[in-house]
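In what follows, a single structure is set out as structure tokens and then discussed.
Taken together, the values in this text are just the output of simple stated rules run on the coordinates, not laboratory data. Note that the structure is a prediction, hence the values are computed from the model and not measured. Reconstructed Cβ throughout: ideal geometry from the backbone, glycine too, with neighbour counts over all protein chains shown.
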Amino acid sequence: MADDYYKILGIEKNAGPSEIKKAYRKLAMKYHPDKTKGDKSLEEKFKKISEAYAVLSDPEKRNQYDTYGSAGFQQRFSQEDIFRNFDLGDILKEFGFGGPMGGGFSNAGRGGRQGGFSGGNPFFQNAGQGGFGQRQRPPAKGKDIEYEIPLTLHELINGTKKTITISQGGSTRAIEVNIPKGLTEGKKIRLAGKGETSPNGGPAGNLYIRSQFIPTDGCTIEGNDVLVSKQVPLTHTLLGDTLEIVTPDGMTLNLKIPAGTNHKAKMRIPGRGIPEMKGNDCGDLFIVINIIMPKELTAKQKEIIQQLKKTGL
């Protein structure tokens, strides 16, 4: 597991330069080899806090660390990179120690070279077991690929299989993808190692699949909810009615429209929307009532409307 430099120094991620320096000074005074008298585990502790300080005290390195996270930073930066332009001796002198390591700590780890912190940059002088030597960078990972697949409402609800063609290193490749139910907008599925190949023998990147809903007349989706517009005559909303509704999953239901239902009212049918990708939850179906207003009236209709007008309706 990659080291969390903020936790190592015991500071918050928004700590300022003075807080970082103060935290390192306190720990250096505690774990400096002159204080720990050859305790190897505490020497390793000192190395870790020095590494954390080398990164977090440098604005550019800290920015890279915050951008890529612990694991990503460790993959991109060797120990030489981390301690470049970092003079541990001067820093420790500022804290009251006489030399780079006060004369102690001459053997930085089992199997390591003699000299330890006594000259040069001690963090690069041994790569033996338990030491703190220069690390070889692993081969770079291939680039990730994102692919958008158009899906119908039926496919979003039930899942499907799709064969897609992607470009990898100048050639094309067909891949069959199992699309799970509930792959709504904003969600992705990851196919590990199906992205671009690495240029220098590292692991391949990943392929990320996201969906694009194919709209149909009168149907929209919001998250996992489905909204279906229904045209209803004015009198049916005034007096109330029962509508026959076919849900997106194919079930036929009778939906009661109360008398006095307003235009654009939403009638909720719970659990008849798009299922979640994980678990058993499901979105809802909303029937949106669109009241049909006649553009022209017959003479008889006008007569009836005039009578209704006299009643105050």
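Structure data summary
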{"item": "Region 145-213 - percent relative contact order, Cα under 8 Å, separation 6 or more", "result": "39 percent"}
{"item": "Estimated inter-spin distance, LEU243 and ASP281, nm [label 7 Å along Cα→Cβ]", "result": "2.7 nm"}
{"item": "Simple spin-label estimate for LYS230 and ASP66 in nanometres, 7 Å along Cα-Cβ", "result": "5.3 nm"}
{"item": "Proximal aspartates and glutamates to LYS40, defined as alpha-carbon separation beneath 17 angstrom and excluding residues fewer than eight positions away on the same chain", "result": "GLU51"}
{"item": "Where trypsin sites (Lys or Arg not before Pro) fall in DSSP loop in region 226-306, at most 14 other Cβ within 10 Å", "result": "LYS264, LYS278, LYS295"}
{"item": "Over region 219-310, relative contact order from alpha-carbon pairs under 8 Å, at least 6 apart, %", "result": "32 percent"}
{"item": "Spatially proximal lysines relative to LYS47 (Cα-Cα < 23 Å; intrachain offsets below 8 disregarded)", "result": "LYS7, LYS13, LYS21, LYS22, LYS26, LYS30, LYS35, LYS37, LYS61, LYS93"}
{"item": "Under the Karplus curve 6.51 cos²θ - 1.76 cosθ + 1.60, θ = phi - 60°, whole-Hz ³J(HN,Hα) for region 262-278, x wherever Gly or Pro sits", "result": "7, 5, 6, 5, 10, 9, 8, 10, x, x, 10, x, 9, x, 6, 5, 10"}
{"item": "Whole-Å distance, taken between Cα centres, linking region 37-75 and region 295-309", "result": "82 Å"}
{"item": "Estimated vicinal HN-Hα couplings, Hz - region 289-295 in sequence order (Karplus 6.51, -1.76, 1.60; Gly, Pro = x)", "result": "7, 9, 6, 7, 9, x, 7"}
{"item": "Dipole-positive endmost among THR242, LEU308, ILE269 within region 219-310 (Cβ charges, Cα centre)", "result": "LEU308"}
{"item": "Amide H partners (placed H, <5 Å) of GLU276, local residues excluded", "result": "ASP281, CYS282, GLY283"}
{"item": "Test item: Cα-centred dipole of region 237-281, Lys/Arg +1 and Asp/Glu -1 on Cβ, debye", "result": "180 debye"}
